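Peer 1: Before we start, here is the structure in question, set down as structure tokens.
The values are calculated or read from the model by the stated rules, or taken from the named source; none is laboratory data. Keep in mind the model is a prediction, meaning the values are calculated, not measured. Every residue, glycine among them, receives a Cβ derived from its backbone with ideal geometry; neighbour counts consider all protein chains shown. For accessibility, only protein heavy atoms count, side chains too; no ligands or nucleic acids. Shrake-Rupley method; radii C 1.70, N 1.55, O 1.52, S 1.80 Å.
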Amino acid sequence: MNIDICEITPSHIRAIFPYAPGKPISELERELGIRDIVKLASNENPLGTSPKALEAAKQALLDAARYPDGNGFELKAAISDRYGIPAESIVLGNGSNDLLELSARAFLEPGRSAVFSQHAFAVYSLAVQAVGARGIEVQAKNWGHDLDAMFSKLEDDTRIVFIANPNNPTGTLLEKEELASFLKLLPSSVLVVLDEAYDEFLPPGYASNSMEWLSDFPNLIVTRTFSKAYGLAGLRVGFAAAHPNLADMMNRVRQPFNVNSIAQAAAIAALSDTAFLEKSRAVNLSGMAQIREGFEKLGLEYIPSFGNFLSFRVGHAQGIFQRLLKLGVIVRPIAGYAMPEHLRVSIGLEHENEKFLSALQQAIEEVK
Ligand SMILES: *Cc1c(COP(=O)(O)O)cnc(C)c1O
């Protein structure tokens, strides 16, 4: 039996170009039959998971026969405590990806549009496309968001502006004042989804004010994740904070049990493990310095980053990427972000960064 894909699949779904995740270690092992692979491709925490979170996850596993708490009472209470926001303002997500999709599902539809920046996180355009809405991509400025240009591109039917701060894959950060004036300028019919997946890595003076802004801006949705600094990427948990009315709408389109019980328990424990978070920051800081120094020695241009990754220019990026794979190092090609000459590397442990840098030097010589 033949099926006519064009007939059964709406054109906005057929137009989707799937997200390209970082290559899993197990896949490269299968392909090349090599061991000791270093994966610096998905901005994961090189320290692994907080021991407290692991312990909590193991305990929760014992109760795996039960459905999770669909309202995430305890995790919301812990987040509420930590960030000083009411539980009614919190939406839990199966990773913050889920929350980006929930915001698109709740507030967009065909005939509406969303604005995001060139080189911004790929999931924004995917989430917008999946609901049949129109994405408006605005040219970046110095690899970062150009808020003036984004404001000028708003259309009458625009309902969401997505902002990644810091942005992935460029690592750029908007200043608080800039963001605050943008929020003040925006009509209240336009929501801002402020994606702060890397917030925990910001140096003290740069820490975000977004949780305080929530009371001033009822059109603001802040998203955070446990995947990066908290080291829980494999468990899939994140949260959004927004005016309770917005949170209510997002909760209506959420799967009833979108965050599993193991992830909930681990996230609660991770939130309280400030020592682990401190260590993650410190390892990131020193690893960032190590890799920047390595790039400078190799004479490579890179974009200074506020996240746990760096994007650097190598010219023939696909060739270098392939050479690095053969040498047992996985980084991330970002041609899909309109950066065909760049690669992105996540900051790893000292010996991983070392291996990456020497493999990179070798790859560059071989590809010349
Ligand atoms: C990694 C990342 C996320 C979220 O990932 P989840 O694992 O789904 O929480 C969101 N936004 C940006 C910009 C990211 O880099």
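Peer 1: Could you work out how far apart the two model spin labels at S188 and E354 are, taking each label as a point 7 Å from the Cα in the direction of the beta carbon, and quote it in nm?
Peer 2: My value for the distance between the label points is 5.8 nm.
Peer 1: Compute the distance in nm between two label points, each set 7 Å from the Cα along the Cα-to-Cβ direction, one at F257 and one at Y206.
Peer 2: So the two model labels end up 4.1 nm from each other.
Peer 1: Shifting gears a bit: Can you give the direction-averaged projected area of the convex hull of the alpha-carbon atoms in segment 1-87, in nm²? Intermediate results must be reported in sequence, preceding the final value.
Peer 2: Numbers: hull surface 49.6 nm².
The Cα convex hull of segment 1-87, projected and averaged over all directions, gives 12.4 nm².
Peer 1: Working from the pairwise distances between different alpha carbons, so that the mean of 1/r is found and then inverted, what is segment 181-236's Kirkwood radius in Å? Spell out each step's value before the answer.
Peer 2: Working: mean 1/r = 0.0789 Å⁻¹.
For segment 181-236, the Kirkwood estimate is 12.7 Å.
Peer 1: Right, here's the next one. Leaving out ligands and nucleic acids, note down the accessible area per residue over segment 50-96 with a 1.4 angstrom probe, in whole Å².
Peer 2: Numbers: 2810 Å² over 47 residues.
That works out to 60 Å² per residue.
Peer 1: Moving to a separate point now. I'd like to compare 88-98, 141-151: which one has the highest average count of other Cβ atoms within 10 Å, and what's the full order after that?
Peer 2: Details: 88-98: 23.2, 141-151: 18.3.
Ranking the peptides 88-98, 141-151 by packing returns 88-98, 141-151.
Peer 1: Separate question: Suppose the chain between I13 and D248 were pulled fully straight at 0.36 nm per residue; how much longer would it get relative to their current alpha carbon spacing?
Peer 2: Working: separation 235, 0.36 × 235 = 84.60 nm, distance 2.69 nm.
Once the chain is fully extended between I13 and D248, it gains 81.9 nm.
Peer 1: How many angstrom lie between the C-alpha centres of segment 80-95 and segment 125-166?
Peer 2: After rounding, the separation between the Cα centres reads 25 Å.
Peer 1: Shifting gears a bit: Using unit Cβ charges (K, R positive; D, E negative) and no other charged atoms, how large, in debye to the nearest 20, is the dipole of segment 27-148 about its Cα centre? Please report the intermediate quantities before stating the final value.
Peer 2: Details: 12 positive and 17 negative charges, 7 e Å.
Dipole size: approximately 40 debye.
Peer 1: If packing is taken as the average number of other Cβ atoms within 10 Å across a peptide's residues, how do 63-69, 288-294 rank, most packed first?
Peer 2: Output ranking for 63-69, 288-294: 288-294, 63-69.
Peer 1: Starting from 0.36 nm per residue, how many nanometres of slack lie between E365 and Q139 once their C-alpha separation is accounted for?
Peer 2: Working: separation 226, 0.36 × 226 = 81.36 nm, distance 3.37 nm.
Taking E365 through Q139 to full extension adds about 78.0 nm, to one decimal.
Peer 1: Run the paramagnetic zone check for L61: 7 angstrom along Cα to Cβ, then residues of segment 28-52 with backbone nitrogen under 15 Å.
Peer 2: Those under the cut-off are 49-52.
Peer 1: May I ask you to give the solvent-accessible area per residue for segment 183-239, in square angstrom, as obtained with a 1.4 angstrom probe? Let's see the in-between values first.
Peer 2: On the way: 1930 Å² over 57 residues.
With the other protein chains kept in place, segment 183-239 gives 34 Å² per residue.
Peer 1: Now, a different point. How large is the dipole of the chain about the Cα centre if only Lys and Arg carry +1 and Asp and Glu carry -1, each at its Cβ, rounded to the nearest 20 debye?
Peer 2: Values: 34 positive and 43 negative charges, 121 e Å.
In total the dipole reaches around 580 debye.
Peer 1: Separate question: Could you work out the helix-only [θ] at 222 nm for the chain, with each DSSP H run of four or more residues adding -39,500 (n - 2.57) and the total divided by the number of residues, to the nearest 500 deg cm²/dmol?
Peer 2: -12000 deg cm²/dmol
Peer 1: Also: With every protein chain left in place, what is the accessible area per residue of segment 257-354 in square angstrom, probe 1.4 Å? Show your work: numbers first, answer last.
Peer 2: On the way: 3970 Å² over 98 residues.
So segment 257-354 comes to 40 Å² accessible per residue, rounded to a whole number.
Peer 1: Take the alpha carbon gyration tensor of the chain, find the square roots of its eigenvalues, order them as a ≥ b ≥ c, and report rounded if a/c is under 1.5; if not, report prolate when a/b exceeds b/c, else oblate. Display every interim value, and only then the final one.
Peer 2: On the way: a/c = 1.40, a/b = 1.22, b/c = 1.15.
It is rounded, given that a/c, with a ≥ b ≥ c, falls under 1.5.
Peer 1: How far apart, in nanometres, would the label points at T274 and C6 be if each is projected 7 angstrom from Cα along the Cα-to-Cβ direction?
Peer 2: Each label point lies 7 Å from its Cα, and together they span 6.1 nm.
Peer 1: Kindly rank 73-80, 158-165 from highest to lowest mean number of other beta carbons found within 10 Å of each residue.
Peer 2: On the way: 73-80: 17.6, 158-165: 25.1.
The most tightly packed comes first, giving 158-165, 73-80.
Peer 1: Taking 8 Å as the Cα distance limit and 6 or more residues as the minimum spacing, I'd like the relative contact order of the chain as a percentage.
Peer 2: Numbers: 690 pairs, mean separation 87.5, N = 368.
That works out to 24 percent.
Peer 1: Run the accessible area of the chain with a 1.4 Å probe and give the carbon-and-sulfur part as a rounded percent.
Peer 2: Working: 8930 of 17130 Å².
About 52 percent, which is the carbon plus sulfur part of the accessible surface.
Peer 1: Taking the Cα centre of each part, how many Å lie between segment 1-50 and segment 193-225?
Peer 2: 28 Å
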